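Visitor: The structure follows.
The values are calculated or read from the model by the stated rules, or taken from the named source; none is laboratory data. As the structure is a computational prediction, the values presented were derived from the model and not from experiment. Cβ atoms come from the backbone with ideal geometry, glycine included; neighbour counts cover every protein chain shown. With ligands, DNA and RNA removed, areas are computed over all heavy atoms of the protein, side chains included. Shrake-Rupley method; radii C 1.70, N 1.55, O 1.52, S 1.80 Å.
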Amino acid sequence: MRLILLLPLVLLGACAQQQRTVDKPSPVILKSVYYSGVEDDLLTAGLGLSGLRGLPPKTDVTPTAQQLRRLSYYQQFRALNDVSEAGGYGRLFGIHDQQAAIAGWEYWTQRTVADGAHHTVVLQIPDDFNGEQACLVVAPSSGSRNVFGAVGTSGAWALIKGCAVAYTDKGTGTEVALKDGRQYRIDGVIADQTDAMAAATSLPSGTALQIIQKHAYSQAHPEQHWGHFVLDAAQFGLQVISMKHQFKRDQVKVMAASVSNGGGAVLRAAEMDQYGLLDAVIAAEPQVNMRHAFNWQGLTGSRAINARPLLELSMQLALLEPCAALDKELDQAPFKFNTALIIPGLQQRCQMLADAGIIQGEQTAIQASQALQMIKKLGIEPSALQLAQINTLANMWAAINHTYTNSYLRQSPADNLCHSAMSAFDNQGQPRSMSETELRTMFALSNGIAPGNGIELAITNDDQQVTGRLSASPGYGFQVQHCFSQLLNSQQLQQSVKTVIAQPERNQLPTLLLHGQDDGTVAVGHSSRAYYHRNQQAIGANPLMRYYEIERVQHFDAFLAYPGFVERFLPMHPYFEQALDMMHHHLMAEGPLLPSQLVQSEQRGLSDGNVPPLSRQHIPPITNTPKHPLVVKKNRLEVHQP
């Protein structure tokens, strides 16, 4: 029998609206484990900083839950951080060399906030849980990752601070459809479907060589519930803390904090929190969907921005960016050299765009230039376009189109939407079945979206059979992306998009927003800038909302380990940690929230052909006396220039 807490969120929070108490029935805990800090712990799963920097931890042929957990920690830390010493990790920020292991209890559960909308929650309470300044950090996963998707960001900070942490996979995660009556447990182990810890989401089946991922095919449209998942994780955390430590709600400060999709989730939770479950939120590079028109005045000029939801931008960028990547303006962008083998497909993409009347011109150079100009007109920062080459190589926008469109429309693989699929391929480019090793390590090594752990974007025929890699189809997969773009104006898709549009004016919690100017994944003008401006220009603007925009920061700190990135871009993580410290001090001691500002940073660059180690000079902190405050003036957000 599966044990799933089915109490509606409204019922769980009903008394909190009046008294902010958590004296509810004992929560259902499916699994509890104590980690002593000797061979395993809460902070790094026993790896320590040296282990996070080393080779991946080994697993058995049939991995145990503990092995999958440790491998997942390794993957999540390295997927979201450059953990190198030269990059500043362990020296300027992050887990320091002398950091001791953190012992404590870990509690697993599976809950639901709506019909079919399940999520996994893991609560960690360290032995040194600070009773004098009790705090709980709710840490939703970034991207489509598993429940540990925030261990390397807000989770690590919280545990070092003595806070408890409530992780949620926010209804996404890394499960894929299995056969023969098998199902993933919520801790990643493959078991029988009748197992008490078996994941409640039953994924539909596809053809033999299709890989069915949870985010795309749960048929629950989980993104519309991301805010509720965060609030529900907070409720679970408060219940367990109350049960184990006898704390009342007002004795525990609750912060929701995460990055990317997780950042968007905490902002939505702040908008929805009617019952006092949260005290504050911190969101870095949040993927938050906006419809908002405003003007931006930066240091280099002004322009009008008409903020759009991610999927609408993705459908345009999936069409245009592979062609725009051929423009000479992007020849010095990181990973340009790596695109050599796909240039014929990109040239064909340009021609197919011209044949479809989307761009004009007969020569590739003219077509690429026009595609790039069309992208700029979308309101994408020119510096963020330096990510065009790696976005194209990874086919990132195509992966977003496949995952989010199928999710929003609640499709099944049988619908064969736009002939887009996921599969695995052999060295000759032929579709293949996933190996048992790949399936058994899916929890730890998959991102929940392609590419990852052997999963790639694929194309199908009319019979749903996988015929090849998407990137190998004509025009680098043009027909599939053109098909997705044609769905954009459908009533059904637009109705689903409406369910994920943010309402910043409803957010009245202390809120810190952070975003890198060079973000090539979540466009700053369509997310954080728009969110902050919408809230601050509204009647009843939140007086405790701040926005920090940082120069030379892009979306993925892990990319800073690569040539082309390391010398020109800087990490977000030290600023995220500063924001967490700031908000913690505000809640515990009424410390100030520093004014909204543009932070001017400095590239590491090259010295005698080498990249110097990251120093504090490269990443100056957010300050109380900024040179360039961010100011809202009616319909304009501007960088003040002295």
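Visitor: What's the local net charge at A398, with K and R +1, D and E -1, over the other residues with C-beta under 14 Å away?
Guide: The answer is 0.
Visitor: Normalised by the number of residues in the chain, what is the relative contact order in percent for Cα pairs under 8 Å and 6+ residues apart?
Guide: Across the chain, relative contact order equals 15 percent.
Visitor: Given a 1.4 Å probe and heavy atoms of the protein chains only, how would you sort V632, V147, largest accessible area at the top? Can you show the working numbers first?
Guide: Working: V632 45, V147 5 Å².
Largest accessible area first, the list is V632, V147.
Visitor: Report in % the part of the accessible area of the stretch 256-364 that belongs to carbon and sulfur, leaving out ligands and nucleic acids; probe 1.4 Å. Show your work: numbers first, answer last.
Guide: Details: 1820 of 3840 Å².
That fraction is 48 percent.
Visitor: So if I average 1/r over every pair of distinct C-alpha atoms in the stretch 349-431 and take the inverse, what Kirkwood radius in Å does that give?
Guide: Every distinct Cα pair counted, the radius reaches 15.4 Å.
Visitor: Can you find, among T168, W157, I102, the residue farthest towards the positive end of the dipole of the stretch 93-195? Put +1 on the C-beta of Lys and Arg, -1 on that of Asp and Glu.
Guide: The Cα lying farthest towards the positive end belongs to T168.
Visitor: For the stretch 149-230, give the percent of accessible area contributed by carbon and sulfur heavy atoms, probe 1.4 Å, rounded to a whole number.
Guide: Heavy-atom surface of the stretch 149-230 belonging to carbon and sulfur, 1.4 Å probe: 46 percent.
Visitor: Okay, next question. Let me have the 222 nm mean residue ellipticity of the chain computed from DSSP H runs of 4+ only, each contributing -39500 (n - 2.57), with the sum over all residues rounded to the nearest 500.
Guide: Rounded to the nearest 500, the figure is -8500 deg cm²/dmol.
Visitor: I've got another one for you. Order 434-446, 271-283, 341-353 from most to least packed using the mean count of other Cβ atoms within 10 Å.
Guide: Peptide ranking by packing, descending: 271-283, 434-446, 341-353.
Visitor: Please state, to two decimals, what the Cα-based radius of gyration of the stretch 308-350 comes to when divided by 2.2 N^0.38 Å (N = residues).
Guide: That ratio works out to 1.25.
Visitor: Using Cα pairs under 8 angstrom and six or more residues apart, how large is the relative contact order of the stretch 533-579, in percent?
Guide: Reported relative contact order: 28 percent.
Visitor: A further question on this structure: Using +1 at the C-beta of Lys and Arg and -1 at the C-beta of Asp and Glu, which of P322, V138, V33 has the Cα lying farthest in the positive direction of the dipole of the chain?
Guide: Towards the positive end, the residue furthest out is V138.
Visitor: What translational diffusion coefficient, in µm²/s and rounded to a whole number, does the Stokes-Einstein relation yield for the stretch 429-552 at 4 °C and a viscosity of 1.567 mPa s, taking the hydrodynamic radius as the Kirkwood radius over Cα pairs? It would help to have the intermediate numbers written out before the result.
Guide: Details: Rh = 18.8 Å.
The estimated diffusion coefficient comes to 69 µm²/s.
Visitor: For the stretch 292-414, go through all pairs of different Cα atoms, get the mean of 1/r, take its inverse, and jot down that Kirkwood value in Å.
Guide: 15.4 Å
Visitor: Also, I was wondering about something else. Can you pull the Kirkwood radius for the stretch 91-157, inverse mean 1/r over Cα pairs, to one decimal in Å?
Guide: On the way: mean 1/r = 0.0712 Å⁻¹.
Roughly 14.0 Å, rounded to one decimal.
Visitor: Mind grabbing the base-10 log of I(q)/I(0) for the stretch 267-318 at q = 0.17, 0.27 Å⁻¹? Debye formula, identical points on the C-alpha positions, no solvent, two decimal places.
Guide: -0.78, -1.06
Visitor: May I ask you to rank D463, D180 by accessible area, largest first, using a 1.4 Å probe over the protein chains only?
Guide: My answer, sorted largest first, is D180, D463.
Visitor: Go from 0 up to the bin containing the longest alpha carbon distance in the stretch 431-471, width 5 Å each, and give me the % of pairs per bin.
Guide: Cα pair-distance distribution for the stretch 431-471, in percent: 5, 23, 26, 22, 16, 8, 1.
Visitor: For the stretch 172-264, max minus min Cα coordinate along each principal axis, in Å, sorted largest first?
Guide: Ordered largest first, the stretch 172-264 gives principal extents of 53, 29, 18 Å.
Visitor: Report the FRET efficiency, 1/(1 + (r/R0)^6), for E85 and D355, where r is their Cβ-Cβ distance and R0 is 45 Å, rounded to 0.05.
Guide: The pair E85/D355 has a calculated efficiency of 0.30.
Visitor: Beyond 16 Å, what percent of the Cα pairs of the stretch 466-531 remain?
Guide: For the stretch 466-531, the share of Cα pairs beyond 16 Å comes to 69 percent.
Visitor: Can you send over the solvent-accessible area of H586, 1.4 Å probe, protein chains only, in Å² to the nearest 10?
Guide: It works out to around 40 Å².
Visitor: Give, in whole angstrom and from largest to smallest, the semi-axes √(5λ) of the equivalent ellipsoid of the stretch 84-195, with λ running over the eigenvalues of the Cα gyration tensor. Spell out each step's value before the answer.
Guide: Values: eigenvalues 179, 60, 33 Å².
Working from the Cα gyration tensor, I get semi-axes of 30, 17, 13 Å.
Visitor: Could you tell me the distance between the Cα centroids of the stretch 485-551 and the stretch 311-360, to the nearest Å?
Guide: 27 Å
Visitor: From the protein chains alone at 1.4 Å, what is the descending order of accessible area for D331, D462, D608, largest first?
Guide: Highest to lowest solvent-accessible surface, that is D608, D462, D331.
Visitor: Same structure again: List the pair-distance distribution P(r) of the stretch 241-355, using every Cα-Cα distance, as the percent of pairs falling in each 10 Å bin from 0 up to the bin containing the longest distance, rounded to whole percents.
Guide: 11, 22, 27, 19, 11, 7, 2
Visitor: Oh, and also: May I ask you to list the lysines whose Cα is less than 26 Å away from that of K170, ignoring any residue fewer than eight positions away on the same chain?
Guide: Qualifying lysines at Cα under 26 Å: K24, K31, K161, K179, K214, K244, K248, K253, K498.
Visitor: Using 10 Å bins from zero, what percent of all Cα-Cα pairs in the chain falls into each bin?
Guide: 3, 17, 28, 29, 18, 5, 1, 0
Visitor: Right, something else. Just read off the accessible area of I190 with the full protein assembly in place, 1.4 Å probe, to the nearest 10 Å².
Guide: For I190, the solvent-accessible surface is approximately 20 Å².
Visitor: Let me ask another. Compute, for the stretch 52-113, the length of the dipole vector about the Cα centre, with Cβ point charges of +1 (Lys, Arg) and -1 (Asp, Glu) only. Units Debye, rounded to 20.
Guide: 140 debye
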